[in-house]
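Here the structure is laid out as structure tokens; the discussion comes afterwards.
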Amino acid sequence: MSISRRQFIAALAGAGGPKAAWTGLRALGLVATPALAATPQLGHGSGRGRSVVILGAGIAGLIAAWELGKAGYQCTVLEARDRVGGRNWTVRRGDRIEMSDGSVQTCAFDAGHYFNAGPARLPSHHQTILGYCREFGVPLEVEVNMSRSALLQSDKANGGRPIEMRQAVHDMRGQVSELLAKCTEQHALDQALSGVDHERFLDFLRGYGDLDRNLHYAGSARAGYQRLPTAGPEVGALREPVGLNTLLDPVFWEGPLFDDHLEMQPTMFQPVGGMDRIVKAFHERLKGVVRLGHEVLEIRNGEREVSIVHRHRRSGRVQTISADYCICTIPPKVLQDIPANFSTPFKEAIRQVPAGGANKVAWQAPRFWETDRQIYGGLSFIHRDVQLIWYPSGGYFQRDGVLIGCYNFDDVALRFMDQPLPARLRASRDAIEALFPGRSSLLVHGITVAWNRVPWNLAPWTRWDTPYNAVYRQLDQAEGRVYLAGEHLSHITGWQEGSAQSVHRVMKLIAERVVAA
């Protein structure tokens, strides 16, 4: 008996509701497919009768439990901490920051203020994570990743005086354009510009660099004013251009290029009220699945099942849980010291995963960066023990805000964390004083997080020197009934999107294995 498309879609709607009908329409090519990252299509009930133990309640572990649970798998998540989120960690008043070196801090921010100690932004093309925000109704707001009012500072250039991002950008553009224009007029670029209309190229340089009719750069309103225009005779006065020799200090050209990286390009987002709003939305739906405070002691790969020995940290009780499969999202620096009957090549590969470094310092303070310099969000780049100052992208015009007074990464971060805690706070104060003279005295309630000393992480992210190398490929395959997942097994390391993409892949591999069995 033949059936029309209309009848087929009506039958789908009757059996599975509007969502099933919509899926059918898309499968038949009758509606456009949105450019969003799809969640894994595991099939409703396809995992019934199968069990998965998930190690770690970071973003990868939570996604695994959520998606596998929808497909009928019986899931259990073991998390050593007393919170979910892993690197997704938002610190608020009263929270304790305990490091592996024994140092303990307690956040003293006023109520309502918070500090995203880990990830703090969501690129607009990270549609997997944004898709979960959409699914759970997590409200988002724009994260201002780059502000032309933000300051750049180097002790080795411009007499240590900071300059605004806009001046560095446009004075560099103007002076490079002038150099190119002179070379073009002198026919020094004829060979390189063969077939190019020289006059059209010069017109481009005039506009790009804001050159005068003589192809000279004498400053630009784009670079800001020494005295702002107002009304009447106050037409304003342009700033004197910063010399090219000064602008060649790396801080003055590397900083402005920051948001050219794909991951850093606007528009970017952040959850309203803190990045942990995302993981809390997962946890609300997984309360009966996630076991907090359970530290993994041993992983035993078996022929028919995998067993995990774990200890409840408060009671000290040791238990063993068995499942058909295990998804392990424990960071490599931690996993390498957990006893497991993995093969020697697999163990060795875990030890060879290269780790990066990161640390942050946060302060509560009156919003002097807004009142003094009209900086609303964005980053300042500096050359000293502190690499970045990060301004809040919310709460504008309120009395106080939380200023990230230091964000260091990789080698600079590893050196920075070797300083005693008071020295790290002092270095952050000094960096802020260099940008805002006299204002460092307003900083209060300073706290710092060094990710290479955060228990159950011991590193912020992975630094693969070569993509998809032998170590990566070794860990990208199942080890018996154990699958590894996390940002370290993605090509978007350091981002929640990488963790999500990694665990999506692992779930598909498990589903294929279940079908094959």
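The values are calculated or read from the model by the stated rules, or taken from the named source; none is laboratory data. Please read these numbers as outputs of a predicted model, since none were measured by experiment. Every residue, glycine among them, receives a Cβ derived from its backbone with ideal geometry; neighbour counts consider all protein chains shown. Surface areas here come from the heavy atoms of the whole protein model, side chains and all, with no ligands, DNA or RNA. Shrake-Rupley method; radii C 1.70, N 1.55, O 1.52, S 1.80 Å.
Within region 250-278, residues that are assigned to a strand (DSSP E or B) sit with their Cβ atoms under 8 Å from residues that are at pLDDT 95 or above and hydroxyl-bearing (Ser, Thr, Tyr), at 6+ positions apart or across chains, in these pairs: Met268/Ser124; Phe269/Ser124; Gln270/Ser393. State yes or no: is Gln419 under 18 Å from the mean Cα position of the chain (by Cα) and over 30 Å from Pro139 (Cα atoms)? So Gln419 does not fit the description; no. Checking each residue in region 68-78 for being open to solvent by 10 Å² or more (accessible area, probe 1.4 Å) and either under 18 Å from Tyr132 (Cα atoms) or in a strand (DSSP E or B) (or both) picks out Gly69, Lys70, Gln74, Cys75, Thr76. Put simply, of Gly137, Gly160 the only residue that is among the small types (Gly, Ala, Ser), open to solvent by less than 40 Å² (accessible area, probe 1.4 Å) and on the phi > 0 side of the Ramachandran plot is Gly160. Taken over region 272-286, the criterion of being in contact with a Pro (Cβ under 7 Å, 6 or more places away or on another chain) and open to solvent by less than 10 Å² (accessible area, probe 1.4 Å) is satisfied by Met275, Ile278.
Only one of the listed residues (Val289, Val296, Val309) is modelled with pLDDT of 95 or more and open to solvent by 30 Å² or more (accessible area, probe 1.4 Å). That residue is Val289. With the structure loaded, tell me whether Leu151 is without any contact (Cβ under 8 Å) to a residue 24 or more places away in the chain, hydrophobic (A, V, I, L, M, F, W, C) and either farther than 30 Å from Gln270 by Cα or buried (at least 19 other Cβ atoms within 10 Å of the Cβ) (or both) or whether it fails that test. No.
If you go through region 375-405 and pick out every residue that is among the β-branched types (Val, Ile, Thr) and under 20 Å from Ala157 (Cβ atoms), you end up with 3.
Evaluating Ala65 against the criteria (1) in a helix (DSSP H, G or I); (2) within 17 Å of Gly486 (Cβ to Cβ); (3) open to solvent by 20 Å² or more (accessible area, probe 1.4 Å) leaves one unmet condition, (3).
Taken over region 180-203, the residue count meeting the criterion of being within 30 Å of Ala150 (Cβ to Cβ) and either touching a strand residue (DSSP E or B) at 6+ places or on another chain (Cβ under 9 Å) or surrounded by fewer than 15 Cβ atoms within 10 Å (Cβ to Cβ) (or both) is 0. The single residue among Arg48, Arg81 that is exposed (fewer than 14 other Cβ atoms within 10 Å of the Cβ), in a loop (DSSP other than H, G, I, E, B) and either at negative phi or without any contact (Cβ under 8 Å) to a residue 40 or more places away in the chain (or both) turns out to be Arg48. Within region 204-249, the set of residues being assigned to a helix (DSSP H, G or I) and open to solvent by less than 60 Å² (accessible area, probe 1.4 Å) comprises Leu205, Gly207, Gly209, Ala221, Ala223, Leu244, Thr246, Leu247. A search for C-beta distances below 8 Å between a residue of region 382-404 that is closer than 19 Å to His445 by Cα and any residue that is among the β-branched types (Val, Ile, Thr) and assigned to a loop (DSSP other than H, G, I, E, B), counting only pairs 6+ apart in sequence or on different chains, returns Tyr391/Val144; Tyr391/Ile375.
The residues of region 380-403 that are out of contact with any Pro (no Cβ under 8 Å at 6 or more places or on another chain), surrounded by fewer than 22 Cβ atoms within 10 Å (Cβ to Cβ) and within 19 Å of Val91 (Cα to Cα), listed by number, are Ser393, Gly394, Gly395.
Go through region 312-321 and give me each residue that's open to solvent by less than 60 Å² (accessible area, probe 1.4 Å) and either at positive phi or touching a residue at least 40 places away in the same chain (Cβ under 8 Å) (or both). Answer for region 312-321, where residues must be open to solvent by less than 60 Å² (accessible area, probe 1.4 Å) and either at positive phi or touching a residue at least 40 places away in the same chain (Cβ under 8 Å) (or both): Gly316, Ile321.
Within region 447-469, the set of residues being open to solvent by 20 Å² or more (accessible area, probe 1.4 Å) and in contact (Cβ under 8 Å) with a residue 12 or more places away in the chain comprises Asn452, Arg453, Pro455, Trp456, Leu458, Trp461, Arg463, Trp464, Asp465, Pro467, Tyr468. For Thr493, the criteria (1) open to solvent by 40 Å² or more (accessible area, probe 1.4 Å); (2) out of contact with any strand residue (DSSP E or B) (no Cβ under 6 Å at 6 or more places or on another chain) hold in every case but one, which is (2).
If you go through region 477-486 one residue at a time, do you hit one that is assigned to a loop (DSSP other than H, G, I, E, B), in contact (Cβ under 8 Å) with a residue 12 or more places away in the chain and open to solvent by less than 10 Å² (accessible area, probe 1.4 Å)? Yes.
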